[in-house]
1. From the list 130, 145, exactly one residue is farther than 16 Å from residue 12 by Cα, part of a helix (DSSP H, G or I), at pLDDT 95 or above and more than 16 Å from the chain's Cα centre (by Cα). Which is it?
2. Being part of a helix (DSSP H, G or I) and either free of Cβ contacts under 8 Å to residues at least 60 places away in the same chain or over 24 Å from residue 18 (Cβ atoms) (or both) is the filter here, so list the residues in segment 104-123 that pass it.
3. Does segment 63-103 hold any residues that are touching a residue at least 24 places away in the same chain (Cβ under 8 Å), under 24 Å from residue 145 (Cα atoms) and part of a helix (DSSP H, G or I), and which are they?
4. Which condition number in (1) more than 25 Å from residue 150 (Cα to Cα); (2) exposed (fewer than 12 other Cβ atoms within 10 Å of the Cβ) is the one that residue 123 fails?
């Protein structure tokens, strides 16, 4: 199966919505169907910056550095012209996802935005509080949900 134009998928959603899970499942489920020994996908998430040998350690003082690191990684993968490139960050506002979109489009990727879950739904926000892996509390989830722009 040949991809005519590489695809960039920008996932949006609250912490705990399932963005990283969705990205992993998408790659696990569909990319083996291409049946070739090449690397077909890149998944970029700012959370990867905070992964250490001892586990995940979020340092809010390094968040700007983490976002810059992830944008650079995304740019590098755009240059490789992978058939599928995924950015799985919160991307709640246009200013957050726009740099990724601009890089992808300028590299010739077909761009898709996908919101995982519904940030404006109180039940979804409660679910995100319960299942996010990084200890983001209810107040922070609520504040982030208010920044969401469809």
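1. Values: 145 fails: farther than 16 Å from residue 12 by Cα.
Result of the check over 130, 145: 130.
2. Passing the criteria: 105, 106, 122, 123.
3. In the first step, residues of segment 63-103 are kept if they are touching a residue at least 24 places away in the same chain (Cβ under 8 Å); the result is 70-71, 73-75, 77-94, 97, 99-101, 103.
Okay, now just the ones that are also under 24 Å from residue 145 (Cα atoms), so 70-71, 86-94, 97, 99-101.
70, 71, 94, 97, 99, 100, 101 - these are the residues of segment 63-103 that are touching a residue at least 24 places away in the same chain (Cβ under 8 Å), under 24 Å from residue 145 (Cα atoms) and part of a helix (DSSP H, G or I).
4. Single failed check for residue 123: (1).
Residue-wise test of (1) closer than 23 Å to residue 108 by Cα; (2) modelled with pLDDT under 95; (3) touching a strand residue (DSSP E or B) at 6+ places or on another chain (Cβ under 9 Å).
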residue: 5; (1), (2), (3): yes, yes, yes
residue: 20; (1), (2), (3): no, yes, yes
residue: 28; (1), (2), (3): no, yes, no
residue: 34; (1), (2), (3): yes, yes, no
residue: 39; (1), (2), (3): yes, yes, no
residue: 53; (1), (2), (3): no, yes, no
residue: 74; (1), (2), (3): yes, no, yes
residue: 81; (1), (2), (3): yes, yes, no
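The values are calculated or read from the model by the stated rules, or taken from the named source; none is laboratory data. As the structure is a computational prediction, the values presented were derived from the model and not from experiment. Positions of Cβ are backbone-derived with ideal geometry, glycine not excepted, and every protein chain shown enters the neighbour counts.
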